[in-house]
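Student: Quick one: structure below, then a few questions.
The values are calculated or read from the model by the stated rules, or taken from the named source; none is laboratory data. No experiment lies behind these values; they were computed from the predicted model shown. We place every Cβ from the backbone using ideal geometry, glycine too, and count neighbours over all the protein chains shown.
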Amino acid sequence: MIPRAIKRLFHQASIGDQSYRFMFRREPADEVVAIDCETTGLNVRTDDIISIGAIKIRGNRILTSERFERMVRPDASIPADAIKIHRLRQVDVEHEAPIRKLLPDFLHFVGGRPLVGYYVDFDIAMLDKYILPFIGIELPNPRIEISSLYYDRKYGDAPPHTSIDLSFSAILADLEIPSLPQHDAFNDALMTAMMYVVLRDKKKRGMRIPRSNSQAVSDPFGGQAILA
């Protein structure tokens, strides 16, 4: 696998649409963007994005007034199993724009800021499927994985054989963050932003999350701050 730093340099040199070179511009050091995508499934190659949520974070402030929230008309029909999860039907998105029409606004919104997410590699892989043919490169933004920040605060000093739960619900509970209706791109991005702010503060203060002696192992996909 090519290291991301080397891939970033390659993308900077090979970007197809020069008007998007701002993606490599250094944004304010204390700004990141929390993102989430709702999709028709978990197969990057065959599934589609049906909604995108993104929120800017500046320092410890979640800028709910600076958000990107869009519904997307997918290329293929939404399968019944996906409808049960995010409650979006084909009729709900059939009049929305295809993702290719939304990409310019999304890319200008995130700029070169690091992208924060829960299993963010999947969201970025889904986005890259459309971004690569659009501007000739994948998203070059640094990535911040919430489950890794949480693991460090709770399990970083754990003894061997400790049971680990990295589910979204476990993180919400441990950080005492209110649970909004999930599988909504904006709500998930907002909860992710709150997780980021709390975990970053705990790291700054050297605080760890207490562990129970009877935790069960959980599939990360199974469990499913300051506002300004």
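Conditions tested, residue by residue: (1) modelled with pLDDT of 95 or more; (2) of a type in the set (Lys, Arg).
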position: Ile52; (1), (2): yes, no
position: Arg58; (1), (2): yes, yes
position: Val91; (1), (2): no, no
position: His95; (1), (2): no, no
position: Phe106; (1), (2): yes, no
position: Val110; (1), (2): yes, no
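Student: Sticking with this structure for a sec: Identify, from the list Glu138, Glu96, the residue that is in a loop (DSSP other than H, G, I, E, B), in contact with a helix residue (DSSP H, G or I) (Cβ under 8 Å, 6 or more places away or on another chain), not hydroxyl-bearing (Ser, Thr, Tyr) and not assigned by TED's automatic domain parsing to the domain that holds Lys203.
Tutor: Glu138
Student: Looking at the structure I just gave you, is Arg113 under 19 Å from the mean Cα position of the chain (by Cα) and not small (Gly, Ala, Ser)?
Tutor: Criteria met by Arg113.
Student: Can you tell which of Ala173, Ala193, Ala158 is of a type in the set (Gly, Ala, Ser), farther than 30 Å from Glu69 by Cα and not assigned by TED's automatic domain parsing to the domain that holds Val32?
Tutor: None of the others qualify; the one that does is Ala158.
Student: Show the residue pairs that are 6+ apart or on different chains and have beta-carbon atoms under 6 Å apart, the first residue being within segment 115-137 and more than 24 Å from Asp165 (Cβ to Cβ), the second being in a helix (DSSP H, G or I).
Tutor: Tyr130/Ile99; Phe134/Leu103; Ile135/Tyr20; Ile137/His11
Student: A further question on this structure: Considering every residue within segment 90-105, establish whether at least one is closer than 24 Å to Val197 by Cα, among the aliphatic types (A, V, I, L, M) and surrounded by 14 or more Cβ atoms within 10 Å (Cβ to Cβ).
Tutor: No, every residue in segment 90-105 fails to be closer than 24 Å to Val197 by Cα, among the aliphatic types (A, V, I, L, M) and surrounded by 14 or more Cβ atoms within 10 Å (Cβ to Cβ).
Student: Looking at this structure, is Ser77 among the hydroxyl-bearing types (Ser, Thr, Tyr), surrounded by fewer than 19 Cβ atoms within 10 Å (Cβ to Cβ) and assigned by TED's automatic domain parsing to the domain that holds Pro140?
Tutor: yes
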